[in-house]
1. Kindly check whether there is at least one residue in segment 226-233 that is more than 19 Å from P147 (Cβ to Cβ), free of Cβ contacts under 8 Å to residues at least 60 places away in the same chain and not in a loop (DSSP other than H, G, I, E, B).
2. I need the full set of residues from segment 99-119 which are over 17 Å from the mean Cα position of the chain (by Cα) and open to solvent by less than 30 Å² (accessible area, probe 1.4 Å), in order please.
3. Counting just the residues of segment 64-77 that are surrounded by fewer than 17 Cβ atoms within 10 Å (Cβ to Cβ) and either closer than 17 Å to A113 by Cα or aliphatic (A, V, I, L, M) (or both), which one comes out farthest from the chain's Cα centre (by Cα)?
4. Give the number of residues within segment 134-170 that are within 17 Å of the chain's Cα centre (by Cα) and modelled with pLDDT under 95.
5. Does D156 satisfy the condition of being open to solvent by 30 Å² or more (accessible area, probe 1.4 Å) and in contact (Cβ under 8 Å) with a residue 40 or more places away in the chain?
6. Return the only residue of S238, S224 being touching a Gly at 6+ places or on another chain (Cβ under 7 Å), closer than 19 Å to V165 by Cβ and of a type outside the set (A, V, I, L, M, F, W, C).
7. Quickly run through segment 165-197 and pick out the residues that are in contact (Cβ under 8 Å) with a residue 60 or more places away in the chain and among the hydrophobic types (A, V, I, L, M, F, W, C).
8. Inspect segment 78-86 for any residue being open to solvent by 20 Å² or more (accessible area, probe 1.4 Å), part of a loop (DSSP other than H, G, I, E, B) and either out of contact with any helix residue (DSSP H, G or I) (no Cβ under 6 Å at 6 or more places or on another chain) or under 22 Å from N175 (Cβ atoms) (or both) and give the result as yes or no.
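The values are calculated or read from the model by the stated rules, or taken from the named source; none is laboratory data. Since the model is a prediction, treat every value here as computed from it, not as a measurement. When we count neighbours, we look across all protein chains shown, and the Cβ atoms used for this are built from the backbone with ideal geometry, even at glycine. Areas reflect the complete protein model, heavy atoms only, side chains present, ligands, DNA and RNA absent. Shrake-Rupley method; radii C 1.70, N 1.55, O 1.52, S 1.80 Å.
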Amino acid sequence: MSLRKLWFDRAQYHMSTLSTQGSILQAAKNFAPQVKRIVITSSFAAMQLNIAKDEWPEHTYFEVDWNPITWEEAIGTGPLNTYRASKTFAERAAWNFLEKEKANFTVTTINPAIVWGPIIHDVTPKTLNTSNEFIWNLVNGSQVTLPPIPNVPWVDVRNVAEAHVTVLETPKAENQRYFVVAGNDAYNEISNIVLKNFPDLSGKVPTEGDVSTKTTYNEANSKSKKDLGIEYISLEQSIVDLTKQLVPWLSVN
């Protein structure tokens, strides 16, 4: 299978989520007048500019930012852009629906950065979600050097859950968009946290690598703090709570 065919198939898959979301919104409008609020999990990917603009040190991302990616870019420049496009198109479709259909409900979108933190459902190393897999690879020794990524916008899963619940109880959150992000940190900081709290992992967790120190962009979480009262969990707490769950896997792998 060619890469272009693979990317196109992925695009088709991700675009199916757009259709499903549209069906849910239409069904709520047509058959569920009791539904007054809908909360949609979007992503920072729907805000972030495309790969060509990943480095933008003078820019701070706010809720007003939108990813300008096109369909052609989505299917022609790799799976990362396909993913970003799917999030962007799906969220835009929700807002367009709300404007055109004059629905009986309001919409709020939650746009989290990379989500880390503890897991509450049954999962194995093979079924671990992609974001937490990055941390697992640091813990299990398969990542032999630190990723060169200069910084990573992230948020703890518990704050993401809190945001979803709080917007349902907050009138000012109706028809709003919330960028849910706790910080922007590099993998060497995560490595230091793991080794500080789990010294027995010394020798597995990488400490060296060509990690860039430049700032790629900045993020603002002031709106989520002000409107929703979110107090963001620290990177150390998030990584420690997750790693506690990952360490027992080392004895069975």
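1. Pass one, segment 226-233, residues more than 19 Å from P147 (Cβ to Cβ): 226-233.
If we keep only those that are free of Cβ contacts under 8 Å to residues at least 60 places away in the same chain as well, we get 226-227, 231.
Next cut, not in a loop (DSSP other than H, G, I, E, B) only: 226-227.
Yes, segment 226-233 has at least one match.
2. Of everything in segment 99-119, those that are over 17 Å from the mean Cα position of the chain (by Cα) and open to solvent by less than 30 Å² (accessible area, probe 1.4 Å) turn out to be A103, F105, T106, V107.
3. Checked segment 64-77; the qualifying residue farthest from the chain's Cα centre (by Cα) is V64.
4. Residues meeting the conditions: 5.
5. No: the conditions fail for D156.
6. After ruling out the rest, the residue left standing is S238.
7. V167, L168, A173, F179, V180, V181, A182
8. Looking through segment 78-86, none of the residues is open to solvent by 20 Å² or more (accessible area, probe 1.4 Å), part of a loop (DSSP other than H, G, I, E, B) and either out of contact with any helix residue (DSSP H, G or I) (no Cβ under 6 Å at 6 or more places or on another chain) or under 22 Å from N175 (Cβ atoms) (or both).
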